[in-house]
Amino acid sequence: MSGAKPLHPGLFTWPNANPSLIGSRCLDCGEHAFPSQGSCRACSGQNTQNAELGNTGTLWTWTIQSFMPKTPYHTDETPETFRPYGVGYVELPCGLKVESRLRENTPDALRIGMPMALEIISVRKDEQGDDLVTFQFCAAEEAH
Amino acid sequence: MEVAIVGLGLHPFGRTATMSGLEQGAAAVRAALADAGTDFKAMQFAFGGSQDSGNADSLVNLLGLTGLQFTNVANGCATGGSSLNAAYSAIKSGQYDVGLVVGFDKHDRGAFNPKPAEWGLDDWYGETGLMLTTQYFGMKIQRYMHDYGISRDTLIRVAEKAFRNGALTPTAWRQTALSWEEIENAPMVSEPLNKYMFCSPAEGGCALVVCRADIAHQFHSRPIYLKTAVVRSRNYGSFEVFSPSQPPEVAASPTVTASQAAFELAGLGPEDIDVAQLQDTEVGAEIMHMAENGFCAHGDQEQWLADGVTEITGRLPVNTDGGCLANGEPVGASGLRQVHEICVQLRGDGGARQVAGEPKVGYTHVYGAPGISGVNILAR
């Protein structure tokens, strides 16, 4: 995806051949957060630093978004081209569970505990025709 | 000083095309005042809330500019619970003798479309399709079913009960019972929850007149006593809506903490409750809230629903008026409808849906985004 730009900066390492999620870690209590934040939800401290959270995990729970959401949803899709997508929490090696779109979009393809891998997808094109990208997870054996 | 509820007013939930949300709130207030045999001039204070229908204190333009203290409350789905909590404190502290609690709303059709910035989130979260409450509810019950062996049949049973009870409730929005097949085969919204397993945004108003217990009989011959009113927000680790990430350890929800505090303050336990209202934004919520409020162990719901324990005829009737599923959810009014229904049941005025055996102690639980719970314990 040459010319691709992150839809929002700082969520994952980019540009990068093997992108990793970026969160934060509290230097006082050790708890992680995603997205990165300057204060700690666990201990109320303000002593955090960015941390790479990796790009693999296991599926903790899931659902399927079966209809096209209203605003603030903003993609290039139309009601005719919309395809249902999975949504889930993926448990990362550090224990943090990150909410994510999932490539798999049928109940048969999703199972709590299945290994997952990060991938980068296009959300829509900007005025210059460049892809605005974000992260999602997919079944690990399908990762590319 | 104990706190009593002496006036009940409800403008029927659902759709009233001819009335604004504010007018539905005023109708509920007038009904509550009439029930208490009093008038608006006698009200010393009011706490009120509405999410989408304007400032609650605009009600004075319809009800009378009497100069009372009127405080607007905005606490999402827990607005009603928070209003009643504030009124409870106002009476309990000795500040006031009698006042009003009111909630109303008039929402557009379809799911709410919240804005990320209002929830402390950046736009990407909504733009990429994660800002939907329905997804959260689907994901929470999905994990719960996995952890505690809850089956899809149990989800269907909760929906069946809601619409069956709604059919017995003249003020309910959905007054038609649905068959197992109709529920089972409804269009899927967010796995594993389908159309009939979710409540819908709606319209309606609800009001209560509250007063010092020692003057309660001046207003009504059958006062209901508000034993306790507790509101709690989420602790770190509670699995809540609109959370881009969740900590490793799952902590007790605000429902658990509010419920435990309420039972402790009232000096009662779950076994003392004769009739309950538990937040049923969707069927999974009612199932999980049965355990989170201490009425059963996690996983027991499977057997409880199969045995009809939470039916009107069961040992612990839950959502006797059909709950949010049959009444819809006008956010500002919904938590007060729960209290209204428990008061109706404790007075013995439930008609076709009246719980037998003259229930003495009732319980209400409201829950809302982004992790707020309000619990009330009521007794006659």
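Side notes on the structure shown:
- Entry comment: accessible area of the protein assembly as shown is 38 Å² per residue, from protein heavy atoms only and a probe of 1.4 Å.
- Peptide B:130-142 has a mean shielding of 5, counted as Cβ atoms of other protein chains within 10 Å of each residue's Cβ.
- Gaussian network model of chain B, Cα within-10 Å springs - most flexible of B:G37, B:G14, B:G357: B:G357
- Three principal axis lengths of the protein assembly as shown [C-alpha, angstrom, descending]: 76, 50, 47
- Theoretical FRET efficiency, 1/(1+(r/R0)^6), r = Cβ-Cβ of B:T18 and B:A261, R0 45 Å, to 0.05: 0.60
- Mean Cα-pair separation over length for chain B, i.e. relative contact order, pairs under 8 Å, 6 or more apart, %: 26 percent
- The calculated P(r) of the stretch A:10-114, using every Cα pair and 10 Å bins from 0, goes 14, 34, 34, 16, 2 in percent.
- Cα-projected label distance for B:R315 with A:T56, points at 7 Å along beta-carbon direction, nm: 4.8 nm
- In chain B, helical runs assigned H by DSSP with n ≥ 4 each contribute -39500 (n - 2.57); averaged across all residues and rounded to the nearest 500, the mean residue ellipticity at 222 nm is -10000 deg cm²/dmol.
- Taking 7 Å steps out from each Cα toward its Cβ at B:E181 and B:D272 produces label points 4.8 nm apart.
- Each part gets one Cα centre, and for the stretch B:337-380 versus the stretch A:9-88 those centres are 40 Å apart.
- Distribution of pairwise C-alpha distances over the stretch B:77-182, 10 Å bins, in %: 11, 20, 32, 28, 9, 0
- Heavy-atom surface analysis with a 1.4 Å probe gives the protein assembly as shown a carbon and sulfur content of 48 percent of its accessible area.
- Simple spin-label estimate for A:K125 and B:A356 gives 7.0 nm between the two label positions (7 Å along the Cα-to-Cβ direction from each Cα).
- Within chain B, the selection of entire DSSP H helices by a Cα span of 20 Å or greater along the long axis and an average Kyte-Doolittle value of at least 0.0 returns B:21-35, B:331-347.
- Sites B:T71 and B:Q218 - FRET efficiency at Förster radius 22 Å, r taken between beta-carbons, to 0.05: 0.35
- Segments B:227-236, B:205-214, A:17-26 sorted - mean Cβ within 10 Å per residue, highest first: B:205-214, B:227-236, A:17-26
- With pairing defined as another cysteine C-beta under 4.7 Å, the cysteines of the protein assembly as shown that fail it are A:C94, A:C138, B:C77, B:C206, B:C211, B:C296, B:C343.
- Legend: distances between Cα atoms for A:K70/B:K106; B:K41/B:K115; B:K41/B:K161; A:K97/A:K125; A:K97/B:K106; pairs beyond 31 Å are B:K41/B:K115; B:K41/B:K161; A:K97/B:K106.
- Across the stretch B:1-91, the mean sequence separation of Cα contacts (distance under 8 Å, 6 or more residues apart), normalised by length, yields a relative contact order of 28 percent.
- For chain B, the antiparallel share of DSSP beta bridges with both residues in that region comes to about 75%.
- Burial annotation for the stretch A:85-119: residues with an accessible-area loss of at least 40 Å² between the isolated chain and the complete set of protein chains, computed on heavy atoms with a 1.4 Å probe, are A:Y89, A:K97, A:E99, A:I112.
- If the segment from B:D52 to B:H298 were pulled out straight at 0.36 nm per residue, it would be longer than the present Cα-Cα gap by 85.0 nm.
- Chain pair A, B: total accessible area buried, heavy atoms, 1.4 Å probe, Å²: 3400 Å²
- Peptides ranked, highest mean first, by Cβ atoms within 10 Å: ranges B:156-163, B:77-84: B:77-84, B:156-163
- Both radii are taken from the alpha-carbon atoms of chain B; with Rh as the Kirkwood radius, Rg/Rh is 0.95.
- Stretched out straight at 0.36 nm per residue, the stretch from A:L27 to A:A140 would grow longer than its current Cα-Cα span by 37.6 nm.
- Subtracting the Cα-Cα distance of A:N18 and A:S44 from 0.36 nm times their residue separation leaves 6.1 nm of extension gain.
- Proximal lysines relative to B:K92, as straight alpha-carbon distance under 17 Å, when same-chain residues fewer than 8 apart are discounted: B:K227
- Structure remark: mean-square fluctuation, Gaussian network model of chain A, C-alpha springs under 10 Å; the largest value among A:P79, A:P35, A:P15 belongs to A:P79.
- Per-pair calculated FRET efficiency, R0 = 22 Å: B:D108 and B:L62 via Cβ, rounded to 0.05: 0.45
- Take each residue of peptide B:112-123, count the partner chain Cβ atoms within 10 Å of its Cβ, and average: the result is 2.
- Between the C-alpha center of the stretch B:67-136 and that of the stretch B:274-336 there is a gap of 21 Å.
- Counting Cβ atoms of other protein chains within 10 Å of each residue's Cβ and taking the mean over peptide B:241-254 gives 5.
- The Kirkwood hydrodynamic radius of the stretch B:135-189, based on inverse pair distances between different Cα atoms, is 12.5 Å.
- Computed Kirkwood radius, in angstrom, where 1/r is averaged over Cα pairs of the stretch A:55-142: 13.7 Å
The values are calculated or read from the model by the stated rules, or taken from the named source; none is laboratory data. Since this is a predicted model, take the numbers as computed values, not measurements. Methodologically, a virtual Cβ is constructed for each residue, glycine included, from the backbone with ideal geometry; neighbour enumeration extends over all protein chains shown. Heavy atoms of the whole protein, side chains included, go into the accessibility calculation; ligands, DNA and RNA do not. Shrake-Rupley method; radii C 1.70, N 1.55, O 1.52, S 1.80 Å.
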